[in-house]
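Let me begin by presenting the structure, written as structure tokens, before commenting on it.
Rule-based calculations on the coordinates, nothing more; no lab input. Owing to the predicted nature of the structure, the values given are computational and were not obtained by experimental measurement. Glycine gets a Cβ as well: all are built from the backbone with ideal geometry, and neighbour counts include every protein chain shown.
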Amino acid sequence: MSRSLILAFLLPFIAACKKQEVSVAPPAPSADQSQTPVPTNAPTMAPEPVVIAADNPDVNATLGQLSQALRAYVSSTRSLPKDFADFAARTQMQAPPPPAGRAYAISHGKVVLVDR
């Protein structure tokens with residue numbers, strides 16, 4: 001029963017996180033148009049970090065949001081990150097800074113605060 005509750009809880013979050021890419025084919029050039037080559041060294045834009053947890057004065061709410069994002073990540077990748085920094089890097093997540101003297105960590109499948 002607990003699996004079905006967890007799945008029911010995570011399903012809307014996972015569904016909302018999936019992006020659908022739309023592919024648009026360029027128009028076919030006519031006989032009188034000359035094609036200019038696209039430079040191969042054109043700069044690529046890195047994706048912007050995703051803000052998972054808004055800067056919220058309620059630390060418990062922030063930890064809950066981060067834990068929910070961790071569960072969604074584990075569910076989609078079927079792997080555990082080695083630590084919070086690895087999780088943040090792999091998801092390109094931007095979390096609010098932890099309280100002074102504390103750091104985010106992963107313990108028993110959720111995000112917690114630990115002393116530095």
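A few comments on the model shown:
- Take every DSSP beta bridge whose two residues both sit in region 48-116; close to 75 percent of them are antiparallel.
- Distance in nm between pseudo-label sites at Gln92 and Val59 (7 Å out along the Cβ direction from Cα): 3.1 nm
- Sorting the segments 62-71, 81-90 by their mean number of nearby beta carbons within 10 angstrom, highest to lowest, gives 62-71, 81-90.
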